[in-house]
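The values are calculated or read from the model by the stated rules, or taken from the named source; none is laboratory data. Just so we're clear, the structure is a prediction, and the values are computed from it rather than from any experiment. With ideal geometry, Cβ positions are generated from the backbone for all residues, glycine too; neighbour counts draw on all protein chains shown. Only protein heavy atoms, including side chains, enter the accessible area calculation; ligands, DNA and RNA are left aside. Shrake-Rupley method; radii C 1.70, N 1.55, O 1.52, S 1.80 Å.
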Amino acid sequence: MNDKLLQVKQLLSKYNQEHVLDFLNGLNNSDKDNLIEQILRIDFDQLYSVLDETGQCEFNHNSVQPLDYQRLDDLTNEQREMYTNEGWRLIRNGKVGVIVVAGGQGARLGHDGPKGSLDIGLPSGKSLFQLQAERLLNLSNRAGKNIPWYIMTSPDNYNATVMFFQKHDFFGYPEEDCIFFQQKTMPALNQERKLLFSEPSQINLVPSGNGECFYSLYESGAFADIKHRGITWLFYYNVDNALIKVADPLFIGYSAIHNNPIAIKVTEKCNVEEKVGVLCSSNGRPSVLEYNEIPESLLEKRDSQSKLLLNLANISIHMFRYDFIENFIHYQIPYHIALKKITYVDSKGCVINPSEPNAYKLERFIFDYFPLAEQVTVLMVEREEEFAPVKNREGQDSPFTARNQILNLHKKWIENCGAKILESGENRLIEVSPLISYSGEGLHDNIEKITTEIEENYD
Ligand SMILES: CC(=O)N[C@H]1[C@@H](OP(=O)(O)OP(=O)(O)OC[C@H]2O[C@@H](n3ccc(=O)[nH]c3=O)[C@H](O)[C@@H]2O)O[C@H](CO)[C@@H](O)[C@@H]1O
């Protein structure tokens with residue numbers, strides 16, 4: 001028996017994973033070698049210590065307080081101009097990079113392919129990635145400097161994501177400024193803490209959350225690229241926000257002038273049940289409490305003016321200062337554990353689709369870095385202009401609601417120009433290309449070119 005096989009057998013026995021031998025025994029030599037390597041890469045001590053940690057998400061209710069924030073609407077025109085100018089200055093000097101986290105599995109959406117490849121039903125048929133690329137292209141062209149775009153995928157959707165960009169010629173964005181990197185995964189374990197398999201020769205490895213982002217940047221070499229380019233601020237966002245103002249110059253300038261290590265955009269929560277994390281102060285540190293981890297009593301708690309105590313919706317738009325990431329790149333933020341339905345195979349290769357949650361999924365959340373910053377900068381923005389999440393196949397936060405939010409916003413932009421088209425425009429769809437306007441600016445001179453119209457047809 002070779003050394004590695006012996007080592008693997010010892011590991012499996014030490015960690016009560018002998019069922020893996022049934023899989024190993026049925027494989028040909030090359031698959032067997034491959035599986036042995038996978039097993040040797042697993043950090044069982046870490047895996048077990050995560051599962052053994054109890055109460056990791058418990059917190060002291062009384063320590064939860066609202067956090068100070070600035071409303072964008074309350075800024076004067078002079079302030080806006082000052083922040084925006086600073087943002088442009090940083091972009092022009094190559095100091096800004098963008099990170100999109102696109103490694104999630106999008107289980108609620110049921111889209112076959114990377115989430116960013118989704119066409120949300122706009123007249124143009126543009127995918128989420130295309131909208132984002134064109135917004136970046138708009139800014140880069142105006143700045144005369146390309147903004148590097150770091151795209152985090154999972155190992156599972158890496159090829160499909162890169163191929164989607166290639167098929168669309170990177171949406172006109174310079175290929176050398178689209179930097180793809182793969183995130184870390186963790187093995188899924190069933191409730192008896194046994195490893196699950198996605199194929200008889202493959203351990204079921206699940207993307208372990210957007211909080212793996214910094215370490216995965218480092219491990220993939222992308223962080224060295226960030227350093228080499230001299231980037232000082234990173235703009236972070238979720239791939240599924242159809243209204244994302246990628247690399248928003250005002251927010252960049254606002255973050256840089258306040259110069260806390262992290263800046264966060266929030267909106268007001270639209271209702272108590274909204275599935276968003278909430279930003280607050282917990283134990284005196286900036287924190288996000290995730291929607292499925294907040295006790296109901298806290299979720300519904302109101303202040304003396306009957307306003308929700310936890311009213312700041314985390315819309316996953318953050319700025320991170322480079323030195324903060326560098327400082328904490330090896331820091332171990334906690335894993336959150338959730339029991340999920342995870343499809344797996346048995347050692348004969350039969351696929352099992354559980355009808356009930358059957359396995360533990362371990363995830364790190366990006367906002368668990370927030371308490372490491374003594375202070376953060378918080379800017380409250382308008383949901384109608386900046387947050388259109390695509391989470392569900394239909395109903396709330398679906399492609400349809402996101403598409404309507406974009407169309408409504410663009411209609412408002414056109415109305416603000418007093419454009420004629422709207423006199424008959426009640427039932428027309430109006431979409432403005434991000435290549436023409438990033439946030440409603442410059443439309444007066446372009447009114448002829450800007451609209452893509454079709455008769456609205458819901459049949
Ligand atoms: C943990 C987290 O961030 N929660 C936030 C997330 O919730 P939500 O439940 O929507 O979080 P998702 O699981 O959709 O992940 C958010 C983003 O992270 C990416 N992703 C996720 C898992 C993974 O392993 N790799 C990866 O890259 C997804 O592709 C997505 O772009 O967005 C909401 C706003 O829309 C916020 O209110 C929530 O506080």
Q: Determine the calculated [θ] at 222 nm for the chain from helices alone, applying -39500 (n - 2.57) to every DSSP H run no shorter than 4 residues and normalising by the residue count; nearest 500 deg cm²/dmol.
A: -9000 deg cm²/dmol
Q. Within the chain, which DSSP H helices have Cα atoms that stretch 24 Å or more along the helix axis and a mean Kyte-Doolittle hydropathy of at least -1.0?
A. 399-416
Q: Could you order 208, 13 by accessible surface area, starting with the largest, using a probe radius of 1.4 Å?
A: 13, 208
Q) With every protein chain left in place, what is the accessible area per residue of segment 60-397 in square angstrom, probe 1.4 Å? A) 42
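Please state, as a whole number in µm²/s, the translational diffusion coefficient that the Stokes-Einstein equation yields for segment 1-159 at 25 °C and 0.890 mPa s, with Rh defined as the Kirkwood radius across alpha carbon pairs.
112
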**Q.** Solvent accessible area, Å² - residue 53, 1.4 Å probe, full protein context
**A.** 90
**Q.** Rounded to whole Å, sorted largest first: equivalent-ellipsoid semi-axes of segment 65-140, Cα gyration tensor
**A.** 31, 19, 14
Q. What shape does segment 213-256 have by the C-alpha gyration tensor, where a ≥ b ≥ c are the square roots of the eigenvalues, rounded means a/c under 1.5, and otherwise prolate means a/b greater than b/c and oblate the rest?
A. oblate
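Multiply the residue gap between residue 18 and residue 224 by 0.36 nm, knock off their C-alpha separation, and tell me the result in nm, one decimal place.
70.1 nm
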Q: Put one equal scatterer on each alpha carbon of the chain, apply the Debye formula with no solvent term, and list log10 I(q)/I(0) at q = 0.08, 0.09, 0.10 1/Å to two decimals.
A: -0.52, -0.65, -0.80
Q.
Out of the GluC sites (Glu not before Pro) in segment 155-210, which ones are loop residues according to DSSP with at most 12 other C-beta atoms within 10 Å?
A. 192
Q) For residue 266, which sequence-distant residues (separation of 5 or more, or a different chain) have an amide H within less than 5 Å of its own amide H, given hydrogens modelled in the peptide plane? A) 379, 380, 381
Q.
Taking the alpha-carbon distance from residue 14 and a cut-off under 23 Å, which lysines remain once sequence neighbours fewer than 8 residues away in the same chain are dropped?
A. 4, 32, 194, 361
Q. Which whole-number percent is the relative contact order of segment 60-397 (Cα, under 8 Å, 6+ apart)?
A. 26
Q.
Explain nothing, just compute: Karplus ³J(HN,Hα) = 6.51 cos²θ - 1.76 cosθ + 1.60, θ = phi - 60°, for every residue of segment 377-392 in order, whole Hz, x for Gly and Pro.
A. 9, 10, 10, 8, 10, 7, 4, 4, 9, 9, 9, 9, x, 10, 10, 10
Q: Could you tell me, in Å, what Rg and Dmax come out for the Cα atoms of segment 142-232?
A: 16.5, 57
Q: Filter the trypsin sites (Lys or Arg not before Pro) in segment 46-117 down to the DSSP loop ones having no more than 16 other Cβ atoms within 10 Å, then list what survives.
A: 108
Q) Using a 1.4 angstrom probe with every protein chain in place, what is the largest-first accessible-area order of 153, 401? A) 401, 153
Q.
Quick check: convex hull over the Cα atoms of segment 318-393, volume per residue in Å³, rounded to an integer?
A. 180
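Kindly work out what percent of the DSSP beta bridges joining two residues of segment 60-397 are antiparallel, to the nearest 5.
In segment 60-397, approximately 65 percent of DSSP beta bridges are antiparallel ones.
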Q.
Order 336, 228, 258 by their accessible area, 1.4 angstrom probe, all chains in place, largest first.
A. 228, 258, 336
